[in-house]
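Trainee: Just passing along the structure, written as structure tokens.
The values are calculated or read from the model by the stated rules, or taken from the named source; none is laboratory data. This structure is a prediction, so every number in the text was calculated from the model and none was measured. Backbone-built Cβ (ideal geometry, glycine too); neighbour counts: all protein chains shown. The protein model used for the area step is the full one, side chains on, heavy atoms only, and it has no ligands, DNA or RNA in it. Shrake-Rupley method; radii C 1.70, N 1.55, O 1.52, S 1.80 Å.
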Amino acid sequence: MADRVTVIGWDGTPLTSAARSALAAATLVAGAAHHLALPDVPARAEQVRLGSVHLAARRIAAHRGTAVVLADGDPGFFGVVRALRAPEHGLEVEVVPAVSLVATAFARAGMPWDDAEVVVAHRRTLRRAVNVCRAHTKVAVLTSPGAGPAELGLLLGVIHRTFVICEELGTDREQVTVVTSDRAADHSWRDPNIVLVVGGTSAQSPDGGWRAGRDLTRNRRGWALPGSGGHEGEGQRLRACQLALLGPRPGDLVWDIGCGSGALAVDAALFGAAVIAVDADRAACERTAEAARRDGVQLQTVHGSAPHVLEDLPEPDVVRVGGGGPEVVLAVADRRPARLVTHASTRDAAERVGRDLAAHGYRVSCSLLQSVELTTDTWTERGRAVVFLLSGELPDRAP
């Protein structure tokens, strides 16, 4: 194992004295091509081109001497420090940080970033990164080849955002470009780059709030609250159970089919998920959009009748079918969301939905829910609801 491993962050500015001292003593230096070309890298040291960090870590672990790893920005922020410290490598490292690329990108844009979300986009995580961009008003995306500005713009589709694209930050080829998301695919972008995705209406307070990231607290406590405007078609208690089974989270795309008052769609968005709310009633879409504005969340409303209107929507992670019956449930199951919840008013309808979901490979559960609302001054019954609650989970997509 290497006698000493130092990770040095580089942001384009001259290296600190601590970084230069570590490099002067190094017998192995790992980094990208532009790092290895730095004048402070000793010619006598073994040089390792940093492609796979884990391969480089194995090389360093087998090295007898002093190793230095060079990385862009702050290597402890979505950087190589995590990989080098992985248990399988057994490496203890000293870190000389620099300004992170995310901080530099926002500085170039002249914007604060304590209210920003930060995500990493690889081919396997690109869709989830796009969903975060749908759900939030300010996102920094650390891109990779095949998951860059063009791909982000294409997957955002009709959701319009402004892209601030920062290419090769800290080098003499640095360039910052501002484009709309629908134009990002018209250009070729150099790696590495960072994309700041900005747009939508935020409920963040002008002074930046009290913690980093988007403040997901609403003006009133609780969730699964009564729908606005006196419209509560789906039932507050049923909706609470549906939300608990769906478990929406950041990176998810939620379809809420038959959005009604918009209460479930807003709750899902407050949990950090991207939401598409669908309803055949234009007034329901308007109520949902107004509820979203009131609570400061981003969601998309789609007016149209399911299942036909679902054909052009991006792939969902979890779906609530609040209306449309078994035919809509079948159409949703064909799209293979990880979780699906719905309800039925009769046992025959519940059994049909359960059979259809099981035939599509879902693990099905069903509960008979009874809710009795009481008037607390006289403790008499004011309303009663009985409904079958069904959920389906795909084992190959869990959790």
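Trainee: Only one residue in Gly383, Gly322, Gly361 is open to solvent by 20 Å² or more (accessible area, probe 1.4 Å) and farther than 19 Å from Cys241 by Cα. Which one?
Mentor: Gly361
Trainee: Only one of (1) under 30 Å from Leu243 (Cα atoms); (2) modelled with pLDDT under 95; (3) not basic (Lys, Arg) is not met by Val118, so which one is it?
Mentor: The number of the failed condition is (2).
Trainee: Being out of contact with any strand residue (DSSP E or B) (no Cβ under 7 Å at 6 or more places or on another chain) and either in a helix (DSSP H, G or I) or at pLDDT 95 or above (or both) is the filter here; which residues of segment 50-71 pass it?
Mentor: Val53, His54, Leu55, Ala57, Arg58, Ala61, listed by residue number.
Trainee: Then there is this: Out of all the residues in segment 234-251, which are open to solvent by 10 Å² or more (accessible area, probe 1.4 Å), over 18 Å from Ala385 (Cα atoms) and in contact (Cβ under 8 Å) with a residue 24 or more places away in the chain?
Mentor: Residues satisfying the conditions are Leu245, Gly247, Pro248, Arg249, Pro250.
Trainee: Give segment 278-308 a look and list any residue that's in contact with a strand residue (DSSP E or B) (Cβ under 6 Å, 6 or more places away or on another chain) and not in a loop (DSSP other than H, G, I, E, B), or say none.
Mentor: If the condition is that a residue be in contact with a strand residue (DSSP E or B) (Cβ under 6 Å, 6 or more places away or on another chain) and not in a loop (DSSP other than H, G, I, E, B), then Val278, Arg282, Cys285, Thr288, Ala289, Gln300, Thr301, Val302 are the ones that fit.
Trainee: Name the one entry in Ala105, Ala37, Ala98, Ala22 that is under 30 Å from His136 (Cβ atoms) and out of contact with any helix residue (DSSP H, G or I) (no Cβ under 9 Å at 6 or more places or on another chain).
Mentor: Ala105
Trainee: OK, next. Going by the conditions given, is Arg336 on the phi > 0 side of the Ramachandran plot and open to solvent by 80 Å² or more (accessible area, probe 1.4 Å)?
Mentor: yes
Trainee: Right, another one. Which one is surrounded by the fewest Cβ atoms within 10 Å (Cβ to Cβ) among residues in segment 76-86 that are more than 22 Å from the chain's Cα centre (by Cα) and not in a helix (DSSP H, G or I)?
Mentor: Step by step, filter segment 76-86, then rank; the result is Ala86.
Trainee: Among the residues that make up segment 117-130, is at least one of them in contact (Cβ under 8 Å) with a residue 24 or more places away in the chain, touching a His at 6+ places or on another chain (Cβ under 8 Å) and of a type outside the set (Val, Ile, Thr)?
Mentor: Looking through segment 117-130, at least one residue is in contact (Cβ under 8 Å) with a residue 24 or more places away in the chain, touching a His at 6+ places or on another chain (Cβ under 8 Å) and of a type outside the set (Val, Ile, Thr).
Trainee: So Val48 passes all but one of these: (1) farther than 30 Å from Val141 by Cβ; (2) touching a Gly at 6+ places or on another chain (Cβ under 9 Å); (3) open to solvent by less than 30 Å² (accessible area, probe 1.4 Å). Which condition number does it fail?
Mentor: All conditions are met except number (1).
Trainee: In segment 133-158, what residues are more than 15 Å from the chain's Cα centre (by Cα) and within 15 Å of Glu315 (Cα to Cα)?
Mentor: If the condition is that a residue be more than 15 Å from the chain's Cα centre (by Cα) and within 15 Å of Glu315 (Cα to Cα), then Leu154, Gly157, Val158 are the ones that fit.
Trainee: Something else now. Give me the residue from segment 156-188 that is among the hydroxyl-bearing types (Ser, Thr, Tyr) and in a loop (DSSP other than H, G, I, E, B) and, out of that set, most open to solvent (accessible area, probe 1.4 Å).
Mentor: This residue is Ser188.
Trainee: Looking only at segment 309-323, count how many residues are part of a loop (DSSP other than H, G, I, E, B) and in contact with a Lys or Arg (Cβ under 9 Å, 6 or more places away or on another chain).
Mentor: Residues flagged as part of a loop (DSSP other than H, G, I, E, B) and in contact with a Lys or Arg (Cβ under 9 Å, 6 or more places away or on another chain) within segment 309-323 amount to 6.
Trainee: Out of Asp256, Asp334, report the one residue that is within 20 Å of Gly222 (Cβ to Cβ) and acidic (Asp, Glu).
Mentor: It is Asp256.
Trainee: To continue, here is another question. Can you tell me which residue is nearest to Gly199 (Cα to Cα) among those in segment 87-145 that are of a type in the set (Ser, Thr, Tyr) and surrounded by 21 or more Cβ atoms within 10 Å (Cβ to Cβ)?
Mentor: Across segment 87-145, the extreme among qualifying residues is Thr137.
Trainee: Still on this model: When segment 101-116 is examined, which residues are found to be without any contact (Cβ under 8 Å) to a residue 40 or more places away in the chain and outside any helix (DSSP H, G or I)?
Mentor: Those that are without any contact (Cβ under 8 Å) to a residue 40 or more places away in the chain and outside any helix (DSSP H, G or I): Gly110, Trp113.
Trainee: Can I ask one more? Which of the following residues is within 23 Å of Arg85 (Cα to Cα), touching a residue at least 60 places away in the same chain (Cβ under 8 Å) and surrounded by 13 or more Cβ atoms within 10 Å (Cβ to Cβ): Ala56, Ala62, Ala67?
Mentor: Of Ala56, Ala62, Ala67, the one residue that is within 23 Å of Arg85 (Cα to Cα), touching a residue at least 60 places away in the same chain (Cβ under 8 Å) and surrounded by 13 or more Cβ atoms within 10 Å (Cβ to Cβ) is Ala67.
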